[in-house]
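First up is the structure itself, then whatever we jot down about it.
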Amino acid sequence: MKKYQSLFLLLAFMLLSATLQAQEATTYELPIGYTEETIEIDGRLEESIWQSAQVANQFWVQQPIDGVRASKKTEVRMAYNDRYVFLSAICWDEPEHVIQTLKRDQLDGNDAFGVLFDPVMEQTNGWSFAVNAMGAQVESIILPNGGSDESWDNRWYVEVQRLDDRWTVEMAIPFKTLRYKENLTNWRINFFRLDPGSNETHVWAPVPRQFTYFDLGYFGQLQWDNPPQKQGSNVSFIPYTTARVDQNFSADEKTQSQLDAGGDVKIAVTPTLNLDLTYNPDFSQVEVDRQVTNLTRFNIFFPERRQFFLENADIFNEYGFFGERPFYSRRIGLDPQGNTVPIQYGVRLSGNVNPRLRIGAFNMHTQGTANQLAQNYTALSFQKRIWKRSSVKGIFLNRQAFSDGDMQRDDFGRNLGGEFNYSTADGKWQAFSGYIHSFKKGFDEKNKHLYGQVDYVGQNFRGFVGFQHMGENYFADMGFNGRLINFNPETGELVRVGFTQFGSMLNYFLYPKNSKNVNFHWSGIENFAWYNSDGSLNEWYMRLRHFFMYKNTSELRFRLNYNRVNLLFPFAISEVPLPVDSYNNVELNVQFNTDRRKRLNTEMFVVYGSFYGGSKLTYRGDLLFRTQPWGNFTLGLERNDIWLPEPYSYTKLTLASARLEINFATNLFWTTFFQYNTQGNNFNVNSRFQWRFAPMSDFFLVYTDNYLVEGLFGPKNRSLVFKVNYWLTI
């Protein structure tokens, strides 16, 4: 009898569990219906549809803990008509919001609400639309690796209203802006809310805290009463005109003026596949790169900011390992110093061919300059989704030189390769492996790049083990290879040195339940070793760390670093290069930032330890003052003092910056950036005025000035640029 009772109880438990799981699943389904009502996007939510539409509420806390309901109430409703997806949200809260800026595409640290779409139901990529409590918009592409790209821009509409006990959101997102598959009755969807006052992130469909709140693996479903159909024509014209004045003092040239025009065209070949065309593109409005002090032997990776390269950029970018990438879009249209190389035209096709296959293809042609021939760049890539969250990928890249319109057959660089990415359904176990082959005339051996990594992402333990091998004759003419190329200061030559790298990292996260001040502790160890082609050690790096992450958003970080370097070539830190030898560097660094929600906050960073037979002290500080919501003012100082034994000189490097950001409204901005860099012998001023006079249509006025730091403080070059562009969709 007891046997049958146990069996009965077991069956009852299984049925109850299945019922509870089914109930939990239905919690994250939101119906959306058609409306003929005219919805005015004003944030007031006065239309009758917002009284009758079904509501998504009962949000969960996702950060800093998960598994508990959000104490602050959020209500979301949705509707659509022939042209738009509409959304309303009510965020119940006290009126003391935290607003860091009114500028577009800056979400973190703000009271904000957003929606996440996966309109092809395959977790290949997605789209996010968000707004802060003062109406500043943020749209981004959600990447399959758990990241996002806020640089992507497109047209959509939103307004907010602030009341004593809540703030409300009203959105209209054109179907032409979304990349969706027609005839699907369900889309994957999630909603999120950022609440810096409590230092929490809330989500509708729960996401484990070890992942980002926009992780594609944890969405609910949007249920359409009738599946969205393909829109009519979906073509956007974005013409521009510029007028500029340039003066190069270092070349003693006369002042030059130029009037130019060009533009982009975006054509939706299908609802999920986009064709981008550009003629004579101009990127003068792109914000100047933030200067850094480089005390390594290798190049520094700077992010891409140019709009043409951003949509579906992960199709091309997400290959390689540890910063060694076969494709890096800044190699196109920019020289190694970051100066513009004119681009004649560009053609780019990207998106989903079907729900499980994404492709990318482009061709661009740059003009010849005094320092290099004209170049043609071609890239082809695909991502094929397999199983639940895994994929196979392939890429082909080709750089071809031209002279006076004639192809230079021997002047080329090509890469061909592929990658396999694996992920369990819950995302806790992930792995990837890849192979890239280099083709260049005269280099048929040692021209391979192999790599792989296995990751575990748990609640408490997270880590990875990985490796890569790169032959000395591996070339990535359209990519970024930071470690492969070494500079020999004695001969002035660049020397290619192949290597094999092994790396591992293990992190432990402790979430104290009863702490009044600490959200979590983060402890970890990491090891990276690089070996030369003959098997000898080139460099070994090890780090121990412990971080305190506080509930008031302040952070205290401790790191102990050990770095053994066996120099293959002299290292030019001071006027006399350091000799080839083995060096052991040990340093301790401490980093602290105060409450980021405060209008006055600061971040401090100090490092001290041994450095190539001597010692180095690095200290950096940033002071930020915010006059919410219209102004942000930042002062930054970084100083490196390096003491080396005789006959080497004492070296001091200073990098100072000041940034003034004035937000007159959510469509009117003025930003001025000052940078003083003794290592780069440059003082830079970049002042940019932007007026968004219509959706995605801008007027820019940009002033840039560069001065020598050493010797006489004289000008190097100066420019003033006027630009206007207009976005027209038909």
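Every condition in (1) in a loop (DSSP other than H, G, I, E, B); (2) modelled with pLDDT of 90 or more is met by S128 except one, and the failing one is (1).
Would you mind telling me which numbered condition in (1) of a type in the set (A, V, I, L, M, F, W, C); (2) within 30 Å of T270 (Cβ to Cβ); (3) modelled with pLDDT under 85 L334 fails? Condition not satisfied by L334: (2). Would you be able to say whether some residue in segment 327-335 is among the polar types (S, T, N, Q) and under 30 Å from T704 (Cβ atoms)? Yes, because at least one residue in segment 327-335 is among the polar types (S, T, N, Q) and under 30 Å from T704 (Cβ atoms). Taking segment 58-71 as the range and being under 28 Å from the mean Cα position of the chain (by Cα) and outside any loop (DSSP other than H, G, I, E, B) as the test, the residues that pass are W60, V61, Q62, Q63.
Taking T201, is it within 28 Å of T729 (Cβ to Cβ), of a type in the set (V, I, T), crowded, with 20+ Cβ neighbours inside 10 Å and touching a residue at least 24 places away in the same chain (Cβ under 8 Å)? When the stated conditions are applied, T201 does not pass them. Within segment 427-442, is there a residue that is outside any strand (DSSP E or B), touching a Gly at 6+ places or on another chain (Cβ under 8 Å), more than 22 Å from G479 (Cβ to Cβ) and aliphatic (A, V, I, L, M)? Looking for residues that are outside any strand (DSSP E or B), touching a Gly at 6+ places or on another chain (Cβ under 8 Å), more than 22 Å from G479 (Cβ to Cβ) and aliphatic (A, V, I, L, M), one finds none in segment 427-442, hence no. One residue stands out in segment 257-309 among those that are of a type in the set (A, V, I, L, M, F, W, C) and buried (at least 19 other Cβ atoms within 10 Å of the Cβ): the one that is modelled with the highest pLDDT, namely A268.
Within segment 564-585, not a single residue is outside the structural domain of P196 (by TED's automatic domain parsing) and closer than 28 Å to N199 by Cα. Annotation note: Cβ proximity below 8 Å between a residue of segment 226-255 that is surrounded by fewer than 13 Cβ atoms within 10 Å (Cβ to Cβ) and a residue that is of a type in the set (D, E, K, R) and at pLDDT below 90 (sequence gap 6+ or interchain) occurs for Q229/E182; S250/K716; T255/D246. Provide a single number: the residues in segment 524-549 that are surrounded by fewer than 17 Cβ atoms within 10 Å (Cβ to Cβ) and either β-branched (V, I, T) or in contact (Cβ under 8 Å) with a residue 40 or more places away in the chain (or both). Qualifying residue count, segment 524-549: 2.
Inside segment 497-523, residues that are surrounded by fewer than 18 Cβ atoms within 10 Å (Cβ to Cβ) and either free of Cβ contacts under 8 Å to residues at least 40 places away in the same chain or in contact with a Pro (Cβ under 7 Å, 6 or more places away or on another chain) (or both) make up a count of 12.
Only one of F487, F402, F412, F475 is assigned to a strand (DSSP E or B), under 20 Å from S533 (Cα atoms) and either out of contact with any Lys or Arg (no Cβ under 9 Å at 6 or more places or on another chain) or in contact (Cβ under 8 Å) with a residue 24 or more places away in the chain (or both). Can you tell me which? Steps first, answer last, please.
Details: F402 fails: under 20 Å from S533 (Cα atoms); F412 fails: under 20 Å from S533 (Cα atoms); F475 fails: assigned to a strand (DSSP E or B).
F487 is the lone residue from the list that is assigned to a strand (DSSP E or B), under 20 Å from S533 (Cα atoms) and either out of contact with any Lys or Arg (no Cβ under 9 Å at 6 or more places or on another chain) or in contact (Cβ under 8 Å) with a residue 24 or more places away in the chain (or both).
Restricting attention to segment 102-113, the residues being surrounded by fewer than 24 Cβ atoms within 10 Å (Cβ to Cβ) and either touching an Asp or Glu at 6+ places or on another chain (Cβ under 6 Å) or outside any loop (DSSP other than H, G, I, E, B) (or both) number 1. From the list A79, A89, A70, the lone residue that is farther than 23 Å from F664 by Cβ and in contact with a helix residue (DSSP H, G or I) (Cβ under 6 Å, 6 or more places away or on another chain) is A79. The selection criterion, being out of contact with any Lys or Arg (no Cβ under 9 Å at 6 or more places or on another chain), of a type in the set (D, E, K, R) and assigned to a strand (DSSP E or B), does not hold for R545. The residues of segment 602-643 that are of a type in the set (S, T, N, Q) and either touching a Lys or Arg at 6+ places or on another chain (Cβ under 8 Å) or farther than 30 Å from L194 by Cβ (or both), listed by number, are S610, S615, T618, T627, Q628, N632, T634, N640. Quick check on my filter: what residues within segment 348-395 are within 25 Å of N280 (Cβ to Cβ) and not in a strand (DSSP E or B)? Answer for segment 348-395, where residues must be within 25 Å of N280 (Cβ to Cβ) and not in a strand (DSSP E or B): Q367, G368, T369, A370, N371, Q372, L373.
Yes/no matrix, rows are residues, columns are (1) of a type in the set (G, A, S); (2) crowded, with 19+ Cβ neighbours inside 10 Å; (3) touching a strand residue (DSSP E or B) at 6+ places or on another chain (Cβ under 7 Å):
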position	(1), (2), (3)
K446	no, no, no
Y451	no, yes, yes
D455	no, no, yes
G458	yes, no, no
Q468	no, yes, yes
I485	no, no, yes
E490	no, no, no
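So which residues in segment 654-688 are free of Cβ contacts under 8 Å to residues at least 40 places away in the same chain, surrounded by 18 or more Cβ atoms within 10 Å (Cβ to Cβ) and either closer than 30 Å to W727 by Cα or in contact with a helix residue (DSSP H, G or I) (Cβ under 8 Å, 6 or more places away or on another chain) (or both), if there are any at all? Selection gives R659, N667. Do the conditions hold for R193, that is, is it surrounded by 15 or more Cβ atoms within 10 Å (Cβ to Cβ), of a type in the set (K, R) and under 23 Å from F113 (Cβ atoms)? Yes: the conditions hold for R193. Out of the residues in segment 72-96 that are among the polar types (S, T, N, Q) and part of a strand (DSSP E or B), which is nearest to R179 (Cα to Cα)? Ranking the candidates gives S88 first. Selection of segment 210-245 for residues being of a type in the set (K, R) and part of a strand (DSSP E or B) yields only R244. Where strands (runs of 3 or more DSSP E) fall entirely within segment 492-541, those with at least 2 residues that are touching a Lys or Arg at 6+ places or on another chain (Cβ under 6 Å) are at 518-532.
Take G621 and tell me if it is at pLDDT 95 or above, surrounded by fewer than 16 Cβ atoms within 10 Å (Cβ to Cβ) and of a type in the set (G, A, S). Yes: the conditions hold for G621. For D153, the conditions (1) of a type in the set (D, E); (2) buried (at least 21 other Cβ atoms within 10 Å of the Cβ); (3) farther than 27 Å from N601 by Cβ all hold with the exception of (2). For the condition closer than 26 Å to V497 by Cβ and modelled with pLDDT of 95 or more, N371 does not qualify. The residue pairs whose first member lies in segment 170-182 and is on the phi < 0 side of the Ramachandran plot, whose second member is charged (D, E, K, R) and surrounded by fewer than 23 Cβ atoms within 10 Å (Cβ to Cβ), and whose beta carbons are closer than 7 Å, counting only pairs six or more residues apart or on different chains, are E170/D42; E170/E159; P174/R83; P174/R155; F175/R83; T177/R155; E182/K230.
Checked against (1) out of contact with any Pro (no Cβ under 7 Å at 6 or more places or on another chain); (2) modelled with pLDDT under 95; (3) in the same structural domain as F520 (by TED's automatic domain parsing), Q628 passes all but condition (3).
The values are calculated or read from the model by the stated rules, or taken from the named source; none is laboratory data. Predicted model only: the values in this text are computed from it and were never measured. Methodologically, a virtual Cβ is constructed for each residue, glycine included, from the backbone with ideal geometry; neighbour enumeration extends over all protein chains shown.
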